[in-house]
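Participant: Can you read through this structure? Questions will come right after.
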Amino acid sequence: MAQMNLKNIKKIEKTKNFIHKKALTTYTVFEEDGIKYLQIDMYGSEDREMPEKVSQVVQFDKEAAQYLVSLLVREFVLD
């Protein structure tokens, strides 16, 4: 697994987009070497062969969380 690299993240335009099915999602919070992380685990869809297996994992440290919050505020015009 890898963490997001915020130094080279960029917005792109895609011609083909679609809405994915909702899937079971959990999160955990932990510390490693004094750094706090929030990890979001998304599992396979119900019709998948192994739906209980984690499909995607996203980890946020404080810097990544702050970046994501600012991105969501900007893109969704939140107050």
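Participant: How large is ³J(HN,Hα) for each residue in the stretch 53-70, as worked out from phi by the Karplus curve 6.51 cos²θ - 1.76 cosθ + 1.60 (θ = phi - 60°), to whole Hz, x for Gly and Pro?
Facilitator: 7, 5, 9, 9, 10, 10, 10, 10, 8, 4, 4, 5, 5, 4, 5, 4, 4, 5
Participant: Starting from one equal scatterer on each C-alpha and no solvent at all, send me the Debye-based log10 I(q)/I(0) for the stretch 25-76 at q = 0.23, 0.32 Å⁻¹, two decimals.
Facilitator: -0.87, -1.11
Participant: Any idea what Rg and Dmax come out to for the stretch 1-44 if you just take the C-alpha atoms, in Å?
Facilitator: Over the stretch 1-44's Cα set, Rg and Dmax evaluate to 14.8, 42 Å.
Participant: Which whole-number percentage describes the relative contact order of the stretch 25-76, with Cα contacts under 8 Å and a sequence gap of 6 or more?
Facilitator: Normalised by residue count, the contact order of the stretch 25-76 is 28 percent.
Participant: Can you list the HN-Hα couplings for the stretch 35-52, worked out from phi with the Karplus curve (6.51, -1.76, 1.60; θ = phi - 60°), rounded to whole Hz and with x for Gly and Pro?
Facilitator: These are the phi-based 3J(HN,Hα) values: 10, 8, 10, 10, 10, 10, 10, 10, 9, x, 5, 4, 8, 6, 4, 10, x, 7 Hz.
Participant: Which one of Ser45, Thr15, Ser70 is farthest out on the positive end of the charge dipole of the stretch 12-79, using unit charges on Cβ (Lys, Arg +1; Asp, Glu -1) and the Cα centre as origin?
Facilitator: Thr15
Participant: Under the Karplus relation 6.51 cos²θ - 1.76 cosθ + 1.60, θ = phi - 60°, what is the ordered set of whole-Hz ³J(HN,Hα) values for the stretch 19-30, x standing for Gly and Pro?
Facilitator: 7, 7, 5, 6, 9, 3, 9, 10, 9, 9, 10, 8
Participant: Still on this structure: Taking the Cα centre of the chain as the origin, how large is its charge dipole in debye, to the nearest 20, when only Lys and Arg (+1) and Asp and Glu (-1) carry charge on their Cβ atoms?
Facilitator: The calculation lands at about 460 debye.
A short reminder: the numbers here are calculations on the coordinates, not readings from a lab. Predicted, not measured: the structure shown is a model, and the values here were computed from it. Virtual Cβ from ideal backbone geometry, glycine too; neighbours counted across all protein chains shown.
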